[in-house]
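A.B. asks: Dumping the structure here so I can ask a few things about it.
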Amino acid sequence: PKSLIGTISTNVVDYDALGGIVFENVNQYNNKPYGTLIVDKLNGYPVFDGNKSTRFEVRDGDCGWSDNFSDCDTDRSRSEIFEKNTSSKIGKTITYTESVFIPKQPNFRPKGNDNLLVLSQINHSDTNNVFGALTYLVMENNNELLIRTHKDFTWNKHKDYTITKSPYNKWITIRYEIKVSDGDDGKLSVYVDDKLLFVENRSTIVTRSGIVFMKFGIYNAFRSSAKEDYSTQIAYFDGIIKKVL
């Protein structure tokens with residue numbers, strides 16, 4: 001579309017684009033009006049199923065902040081939303097499904113070994129303010145799309161699982177299955193287009209008060225490490241489903 005047409009995607013209930021899950025912006029302030037919008041295929045936007053998808057855009061120079069954190073001061077930029085109203089699901093298995101479409105565009109992920117582009121995350125946190133990422137969808141150098149996991153509950157990389165080296169102009173469906181446990185019976189499984197990518201048997205919350213929740217959009221970190229300039233970045237998400245069993 002030549003002009004941007006859409007509606008706000010945060011703090012709303014939309015079953016078509018967002019599966020009825022309510023999301024809010026990670027940053028509280030300086031979010032751009034084009035940053036995250038629900039868009040319609042009738043206006044020429046890519047859609048996976050139904051009539052709507054969620055469009056994310058980050059332009060070079062965009063940055064926002066919250067009361068206790070500033071992307072502007074920490075070499076970051078993002079348009080990213082996270083799931084609200086989560087609660088502990090100890091002993092349950094939570095399944096999150098998402099489909100992502102990345103249009104071919106210049107420097108969607110600028111080359112560099114240390115800059116980071118994250119498109120979705122399954123995070124953990126608890127009442128002791130412990131926070132981290134169980135797994136996340138990353139665009140790496142040379143356009144490799146992969147899923148990354150960490151060692152235990154650190155920020156140290158455990159393993160990268162390659163999805164594709166040709167990620168553009170097609171819908172890719174990812175399903176995260178998390179058995180919520182602070183013990184050895186926890187499990188993290190990830191499927192891509194209904195095929196199992198990996199299973200890790202591990203605890204998935206630090207304490208029994210812990211929760212897991214979904215976050216997705218466009219998130220850049222360590223921007224100054226890039227060896228190319230940043231351009232406008234655009235991505236679409238659709239087919240959002242959450243199940244608790």
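A.B. asks: Can you give the accessible area of residue 55, probe radius 1.4 Å, in Å² rounded to 10?
C.D. replies: About 20 Å², rounded to the nearest 10.
A.B. asks: Right, another one. In percent, how large is the relative contact order of the stretch 101-217, given Cα pairs closer than 8 Å and 6 or more residues apart? The partial results should precede the final answer.
C.D. replies: On the way: 264 pairs, mean separation 29.9, N = 117.
It comes to 26 percent, rounded to a whole number.
A.B. asks: Give me the distance between the Cα centres of the stretch 207-241 and the stretch 44-63, rounded to whole Å.
C.D. replies: Centre-to-centre (Cα) distance: 13 Å.
A.B. asks: Would you mind classifying the chain by shape? Square roots of the alpha carbon gyration tensor eigenvalues, ordered a ≥ b ≥ c; an a/c under 1.5 is rounded, otherwise it is prolate if a/b is larger than b/c and oblate if not.
C.D. replies: On the way: a/c = 1.40, a/b = 1.27, b/c = 1.10.
Because its axes are fairly even, with a/c under 1.5, the chain counts as rounded.
A.B. asks: Further question: Once Lys and Arg get +1 and Asp and Glu get -1 on their Cβ, which of 45, 90, 61 lies farthest toward the positive end of the dipole of the stretch 27-94?
C.D. replies: Comparing the listed Cα positions along the dipole, 90 ranks first.
A.B. asks: As a test question: what accessible area, to the nearest 10 Å², does residue 151 have when a 1.4 Å probe is rolled over all protein chains in place?
C.D. replies: 110 Å²
A.B. asks: Additional query: Please give, to one decimal in nm, the separation of the simple spin-label points placed at residue 41 and residue 8, each 7 Å out from Cα toward the Cβ.
C.D. replies: In this crude spin-label approximation the distance works out to 2.8 nm.
A.B. asks: If you don't mind, there's one more thing I want to ask. Run the quick spin-label model on residue 144 and residue 208: label points 7 Å from Cα toward the beta carbon, then report their separation in nm to one decimal.
C.D. replies: A separation of 4.2 nm, rounded to one decimal place.
A.B. asks: Relative contact order for the chain: what is it in percent, counting Cα pairs under 8 Å that are at least 6 residues apart? Let's see the in-between values first.
C.D. replies: Values: 657 pairs, mean separation 66.7, N = 245.
About 27 percent, as a whole number.
A.B. asks: Skip the ligands, DNA and RNA, and give the accessible area per residue of the stretch 157-245 with a 1.4 Å probe, whole Å².
C.D. replies: Details: 4200 Å² over 89 residues.
For the stretch 157-245, the solvent-accessible area averages 47 Å² per residue.
A.B. asks: Right, here's the next one. Where a Cα-Cα gap under 15 Å defines reach, which aspartates and glutamates qualify for residue 243, not counting those fewer than 8 residues away within the same chain?
C.D. replies: 83, 98, 177
A.B. asks: Tell me whether the stretch 118-211 comes out rounded, prolate or oblate; compute the Cα gyration tensor, take square roots of the eigenvalues as a ≥ b ≥ c, and use a/c under 1.5 as the rounded threshold. Please report the intermediate quantities before stating the final value.
C.D. replies: Working: a/c = 2.29, a/b = 1.82, b/c = 1.26.
In terms of gyration-tensor shape, prolate.
A.B. asks: Now for a different question. State to the nearest 20 debye the size of the charge dipole of the stretch 101-223 about its Cα centre, where the only charges are +1 on K and R beta carbons and -1 on D and E beta carbons.
C.D. replies: Working: 17 positive and 13 negative charges, 89 e Å.
I would put it at about 420 debye.
A.B. asks: Putting +1 on Lys and Arg Cβ atoms and -1 on Asp and Glu Cβ atoms, find which of 204, 222, 180 reaches farthest to the positive end of the dipole of the stretch 180-226.
C.D. replies: Going by the charge dipole, the pick is 222.
A.B. asks: Still on this structure: Given axes a ≥ b ≥ c from the Cα gyration tensor, I'd like to know whether the stretch 56-182 is rounded (a/c under 1.5), prolate (a/b larger than b/c) or oblate.
C.D. replies: Since a/c reaches 1.5 but b/c is at least a/b, the shape of the stretch 56-182 is classed as oblate.
A.B. asks: Moving on to the next point. Any chance you could run the full-extension gain for residue 151 through residue 60? It's 0.36 nm times the residue separation minus the Cα-Cα distance, nm to one decimal.
C.D. replies: Working: separation 91, 0.36 × 91 = 32.76 nm, distance 3.21 nm.
Result for the pair: 29.5 nm of gain on full extension.
The values are calculated or read from the model by the stated rules, or taken from the named source; none is laboratory data. All values derive from a computational prediction rather than experimental measurement. Glycine gets a Cβ as well: all are built from the backbone with ideal geometry, and neighbour counts include every protein chain shown. Please note that ligands, DNA and RNA were not included when accessible areas were found on the heavy atoms of the full protein model with its side chains. Shrake-Rupley method; radii C 1.70, N 1.55, O 1.52, S 1.80 Å.
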